[in-house]
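Everything below concerns the one structure shown next.
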Amino acid sequence: RDFHSVLLRASSGPFRFDLRDQNLVVRHNATVVTLVCPGARFAPNDHWWYGVHYPLELERGQEDAEDYFVPGSFEIDLPATSVQEVTLTVALGEEPATPLSAPHARAAHLKPIADHLAKPPPPAPDSRAPRATSTASPAPDAALARALALASDDFIVGRTLHGQRLATIIAGYPWFADWGRDTFIALPGLLLETGRLDEARAVLRAFAGAIHHGLVPNRFDDYDQQYAHYNTVDASLWFIRAAIAYLHASGDEESWRHWLAQACVHIVESYQAGTGDPQEAQGIELPAAQEPAAQPTKLIRMTEDGLITAGTPQTQLTWMDAAVGAPGSPGRVVFTPRPGKAVEINALWYSALLELAQVLEKAAPPQELPAPANQLAQRYRRLAAKVKRAFVATFWSKQHSHLIDHIYVDELGQEHRDASLRPNQIFAVALPHSPLTQAQQRQVVQAVRQKLLTPAGLRTLSPDDPHYHGRYTGSPYQRDEAYHQGTVWPWLIGPYVEAVLRVGQFSPKARAEAAEAIQPLLDRLVNSPATPAPGQPPSPVPPPSTTTDRPTLPPVGAVGQLHEIHEGDPPHRPVGCIAQAWSVAEVLRAWRLIHRPA
């Protein structure tokens, strides 16, 4: 059934089933299910099971009873030592899906990915990376490489755009599609670190073709592939970060010259001019090509000091985007609107300007830019210097010894400074270019380490804050209220690890601290319950470590995967999506960073 729809009822419409070459084909609405059991006899006996109860849905304040349709049964006689393969496929439309190939085909597909991950990563082309050699880190673990290869592969799927078959990244299972922000945060880990460069180019191509007024789609529409939603300020900045990382990893200057540079420059120029129409944010037909950025209403714009301001109290344009209908009223509550100047947006903006300037100076000159590449590079460097001064003046808090989260001016002209201790400030240290001094960077890492770091990732709010929510449970409204108010996100461990490594100059001590931070999540990937051999009882889950003081996490909800979120309070129960792309991607990327030579 559709992941947005209500649960199935016996009254929800007829189920039709028939045998096709001994394959059972069941149709309901726009879904076709095929069940194949070679050598078996199918005995029709259609009936219903009524009111199957879902305790977890009850806990989540959602519909918690469903009816099951049973078309009949397969019957087969097997010797005690035989193994019978049963295949289930589900497809949208009228035609059944072709069963997947044999398991060995997936193994053959995954082997080069695992082999690539088992090799030490190459040095990064990064201006902030230390130039002196340091103690060599141990070689990557082969078992962990296989687990990461398998986990990362689950999210890479195809997408057809304007008749062209490309690739994209599913944000999470079971209820997310491909989101622009998630895609470009996850792309370096899922595709670049795994050596899947052709697919990385295809993903960049898919979203580059959908850029509208300098905005990368927040997400494609769930029901119409020709529509997209543009309510995001950071997806475009993450696109630039991923595009340049792809260029460094692949050396693909042809793509850079012909379309990738144009997309990046178009984003920067659009942000300077102002972009984001509220009427278009919630879904418009995909543009056939990039368009000028002139618009009457600008949700996203550069202010006189060079910083980016975005959004209103009624919109959610950053990654902290929880919004829900207010109980008992037709209104809409945005729990973390973060309007105005947000700290991570401007950290991304500053780093993007300098990264883009560097590439425009060094790579092959792109075609069809608004000005020669060297002139654009000089302009972006001058703007970055202005942004750096404004960033420190705007966001650094001497009182708190860390960065404030965001600042905005209300309709009465009054300025509001939100000094909540949130993880968004870690990007000002983790990105390739930081506007902060070394001392300020160390203070940011210390503040995040003391209040936000957990074995499952970073909390979204300090437990000392009066708005902190340590549990993620209850109705959709209650869960959305907690979503970014203390709930732990594993993907944030990636920028935290990178910040620790940068502040520590990639020293052995910094590598050891970073490795300790991600170890509980790596343990979870490798030590998921194993599938027993036929005829054997399930083996107990091995403990994550023989060291008694190493942090551990509660039982996993999906074998070999990482959750979207965990509760802020110990023991940090896993909740939300049972498999999340950027959780896996950032743990994988952080693991590779730790092993990357200086």
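Numbers for the structure displayed
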{"item": "Residue tally, condition closer than 15 Å to E95 by Cα and surrounded by fewer than 17 Cβ atoms within 10 Å (Cβ to Cβ), over segment 10-26", "result": "5"}
{"item": "Matching option when the condition is loosely packed, with under 13 Cβ neighbours inside 10 Å and free of Cβ contacts under 8 Å to residues at least 24 places away in the same chain, among G93, G51", "result": "G51"}
{"item": "The listed residue being open to solvent by less than 20 Å² (accessible area, probe 1.4 Å), modelled with pLDDT of 65 or more and hydrophobic (A, V, I, L, M, F, W, C), out of A114, A118", "result": "A114"}
{"item": "Of residues in segment 287-304 being surrounded by 15 or more Cβ atoms within 10 Å (Cβ to Cβ) and in a loop (DSSP other than H, G, I, E, B), the one modelled with the lowest pLDDT", "result": "A293"}
{"item": "Of all residues in segment 318-336 being among the small types (G, A, S) and assigned to a loop (DSSP other than H, G, I, E, B), the one that is modelled with the highest pLDDT", "result": "A322"}
{"item": "Candidates K509, K451 - the one that is without any contact (Cβ under 8 Å) to a residue 12 or more places away in the chain, farther than 18 Å from R589 by Cα and either touching a Leu at 6+ places or on another chain (Cβ under 7 Å) or not acidic (D, E) (or both)", "result": "K509"}
{"item": "Criterion: at pLDDT below 85, open to solvent by 20 Å² or more (accessible area, probe 1.4 Å), of a type in the set (A, V, I, L, M) and not in a loop (DSSP other than H, G, I, E, B) - qualifying residue of A105, A132", "result": "A105"}
{"item": "In segment 358-392, the residues that are of a type outside the set (A, V, I, L, M), under 19 Å from M302 (Cβ atoms) and more than 30 Å from the chain's Cα centre (by Cα)", "result": "P370, Q375, Q378, R379, R382, K386, R389"}
{"item": "Criterion violated by P99 - all others in (1) out of contact with any helix residue (DSSP H, G or I) (no Cβ under 6 Å at 6 or more places or on another chain); (2) under 22 Å from A10 (Cβ atoms); (3) surrounded by 10 or more Cβ atoms within 10 Å (Cβ to Cβ) satisfied", "result": "(2)"}
{"item": "Subset of segment 54-76 [out of contact with any Gly (no Cβ under 7 Å at 6 or more places or on another chain), over 28 Å from T98 (Cβ atoms) and either open to solvent by 40 Å² or more (accessible area, probe 1.4 Å) or outside any strand (DSSP E or B) (or both)]", "result": "Y54, P55, L56, E57, L58, E59, R60, Q62, E63, D64"}
{"item": "Condition broken by S397, with the remaining ones in (1) open to solvent by 20 Å² or more (accessible area, probe 1.4 Å); (2) under 24 Å from T303 (Cα atoms) satisfied", "result": "(1)"}
{"item": "Cβ-Cβ under 8 Å pairs, at least 6 apart or on other chains, segment 5-24 side under 16 Å from T87 (Cα atoms), far side among the aliphatic types (A, V, I, L, M) and open to solvent by less than 80 Å² (accessible area, probe 1.4 Å)", "result": "L19/V25; Q22/V36; Q22/A40; N23/L35; N23/V36; L24/L35; L24/V36"}
{"item": "Residues being outside any helix (DSSP H, G or I) and either at pLDDT 95 or above or hydrophobic (A, V, I, L, M, F, W, C) (or both) - total across segment 508-537", "result": "2"}
{"item": "Tally, over segment 548-598, of residues that are of a type in the set (G, A, S) and over 21 Å from the mean Cα position of the chain (by Cα)", "result": "1"}
{"item": "Segment 46-64: number of residues that are touching a strand residue (DSSP E or B) at 6+ places or on another chain (Cβ under 8 Å) and at positive phi", "result": "1"}
{"item": "From Q375, Q425, residue being of a type outside the set (S, T, Y), assigned to a helix (DSSP H, G or I) and either under 20 Å from A499 (Cα atoms) or in contact (Cβ under 8 Å) with a residue 40 or more places away in the chain (or both)", "result": "Q425"}
{"item": "Within segment 562-598, considering residues that are small (G, A, S) and out of contact with any helix residue (DSSP H, G or I) (no Cβ under 7 Å at 6 or more places or on another chain), the one surrounded by the fewest Cβ atoms within 10 Å (Cβ to Cβ)", "result": "A598"}
{"item": "Filter result for the condition that a residue is modelled with pLDDT of 95 or more and open to solvent by 20 Å² or more (accessible area, probe 1.4 Å), over Q378, Q367", "result": "Q378"}
{"item": "Filter pass, T460 being open to solvent by 30 Å² or more (accessible area, probe 1.4 Å) and touching a residue at least 60 places away in the same chain (Cβ under 8 Å)", "result": "no"}
{"item": "Residue under evaluation Y408, criteria (1) open to solvent by less than 50 Å² (accessible area, probe 1.4 Å); (2) not in a helix (DSSP H, G or I), criterion not met", "result": "(1)"}
{"item": "Residues satisfying the stated conditions in segment 247-276, i.e. within 15 Å of E355 (Cα to Cα) and either at pLDDT below 95 or open to solvent by less than 10 Å² (accessible area, probe 1.4 Å) (or both)", "result": "W256, L260, A261, A263, C264, V265, I267, V268"}
{"item": "Extreme residue, surrounded by the most Cβ atoms within 10 Å (Cβ to Cβ), among residues of segment 155-202 that are more than 14 Å from the chain's Cα centre (by Cα), within 20 Å of P112 (Cα to Cα) and among the hydrophobic types (A, V, I, L, M, F, W, C)", "result": "A200"}
{"item": "Checking A142 against (1) over 22 Å from L260 (Cβ atoms); (2) modelled with pLDDT of 90 or more, the condition it does not meet", "result": "(2)"}
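The values are calculated or read from the model by the stated rules, or taken from the named source; none is laboratory data. All of these numbers come straight from a predicted model, not from anything done at the bench. Please note: Cβ atoms are built from the backbone with ideal geometry, for glycine as well, and neighbour counts cover all protein chains shown. The area values use the complete protein model at the heavy-atom level, side chains included, leaving out ligands, DNA and RNA. Shrake-Rupley method; radii C 1.70, N 1.55, O 1.52, S 1.80 Å.
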